[in-house]
1. Compare 108, 93 by solvent-accessible area with a 1.4 Å probe and give them largest first, with all protein chains kept in place.
2. Give the accessible surface of the range 247-294 per residue, rounded to a whole number of Å², with probe radius 1.4 Å and ligands, DNA and RNA excluded.
3. Under 5 Å between amide H atoms, partner at least 5 residues away or on a different chain: which partners does residue 275 have, H built in plane at 1.01 Å?
4. In terms of Cα to Cα distance under 19 Å, which aspartates and glutamates are near enough to residue 310, apart from those fewer than 8 places away along the same chain?
5. Can you check what the net charge comes to around residue 257, using other residues whose Cβ is under 15 Å from the Cβ of residue 257 (Lys, Arg +1; Asp, Glu -1)?
6. Add -39500 (n - 2.57) for each DSSP H run of 4 or more in the chain, then divide by its residues: what number comes out at 222 nm, to the nearest 500 deg cm²/dmol?
7. Return the tail of the calculated pair distribution for the range 205-337, meaning the percent of Cα-Cα pairs more than 22 Å apart.
8. Sorting check: for 177-187, 275-285, 243-253, which peptide has the highest mean count of neighbouring beta carbons within 10 Å, and how do the rest follow?
Amino acid sequence: MSRQTSLTQYLVEQQREHGHIPQELRLLIEVVARACKRIAIAVNKGALGDVLGTAGSENVQGEVQKKLDIIANEVLIEANEWGGHLAAMASEEMDGIYVVPNRYPQGEYLLLFDPLDGSSNIDVNVSIGTIFSVLRKVGHSRGVSEDDFLQPGKQQAAAGYCVYGPQSMLVLTVGDGVAVFTLDRETGSWVLTQDQVKIPEDTKEFAINMSNMRHWAPPVKRYIDECLAGSTGPRGKDFNMRWVASMVADVHRILTRGGVFMYPWDQREPEKPGKLRLMYEANPMAFIVEQAGGAATNGTERIMALNPTKLHERVAVVLGSKNEVERFTAYHLEAAQK
Ligand code: AHG
Ligand code: MN
Ligand code: MN
């Protein structure tokens, strides 16, 4: 039998080689991975575990919460609050930050998560996931506040996602490439199945919700029109389109075989910069994609360089194969110069 590398062994060996995974960060990642395993088990039970359907409540962004949104949020909080590795947590499903209760020791890390990404796919048995981002509490101020979280994505200590699909997979970066772990359901362990993942720089596949086409800005329309024109158009090649409507699943496909994912600003709600959230969707995915050799922008600026002004800030997102993201950005710059 070939020897397998567990998540713990991977983290210990990374620390030995590169020295950037202190014990508290390793504990944090292991605890998040364990929580994701519990969420995977709940997802797999479906109707048998009474986890499908809506919870009858709304989150701070005015979205109807599904039962699994709430279950996943609780699993992540319960798993992470007592270990002493965190100062506070923030989530798509909570209005404000969750400070680690006084009865537990406080650590130096901050954890942000989208506990259940792709909620519209829960009840139709399509891949969903969990996205997380880890920051360090900087400065020596006592206590912790929302301001401590408002750091640009380039300061992330780690980021990852778990995709609950035909297989449950954990994708992780601690700033030294991207590793993929597959959940062995029999042994219950996360086993390393791919290391140093690389996104091809070119692609013939794009992901966008085409039903919003009439609301797009001209550079987005131009980019997609040129893809759709295929081999006889300016791009000189035919493109394929995929849209799962779970960011984790779309990003996972791009990580596996290349592609470009777009959720741009559009005119439906012009005051909103985009639909996706900067702190717990765009930043962690941007970190992973960049670490795999891809790029991530809001159309004009690198996502990870943006300075957040609030916890639930939204942002336009374009990420994936480097040359396509650069082309998309160039169209925006050209449009701005006109
Ligand atoms: P969430 O379920 O956490 O609210 O996120 C859903 C997001 C993202 O996963 C996906 O890419 C996008 O919403 C899909 O949006 P549309 O339904 O507008 O296509
Ligand atoms: Mn989401
Ligand atoms: Mn969500």
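1. Numbers: 108 85, 93 20 Å².
Heavy-atom accessible area, descending, gives 108, 93.
2. Numbers: 1400 Å² over 48 residues.
Accessible surface, normalised per residue, equals 29 Å².
3. Sorted by chain and number, the residues that satisfy this are 315.
4. Output for residue 310: 63, 92, 93, 95, 114, 146, 147, 148, 269, 271, 281, 301.
5. Values: positive: 198, 204, 242, 253, 322; negative: 201, 202, 205, 250, 324.
Result for the local shell: 0.
6. Numbers: 8 runs with 100 residues, N = 338.
Counting only the DSSP helices, I get -9500 deg cm²/dmol.
7. Working: 2728 of 8778 pairs.
The share of Cα pairs beyond 22 Å in the range 205-337 comes to 31 percent.
8. Numbers: 177-187: 17.5, 275-285: 26.3, 243-253: 22.5.
The most tightly packed comes first, giving 275-285, 243-253, 177-187.
The values are calculated or read from the model by the stated rules, or taken from the named source; none is laboratory data. Nothing here was measured: the structure is a model prediction, and the numbers come from that model. No Cβ is skipped: glycine too gets one built from the backbone with ideal geometry, and neighbour counts run over all protein chains shown. For accessibility, only protein heavy atoms count, side chains too; no ligands or nucleic acids. Shrake-Rupley method; radii C 1.70, N 1.55, O 1.52, S 1.80 Å.
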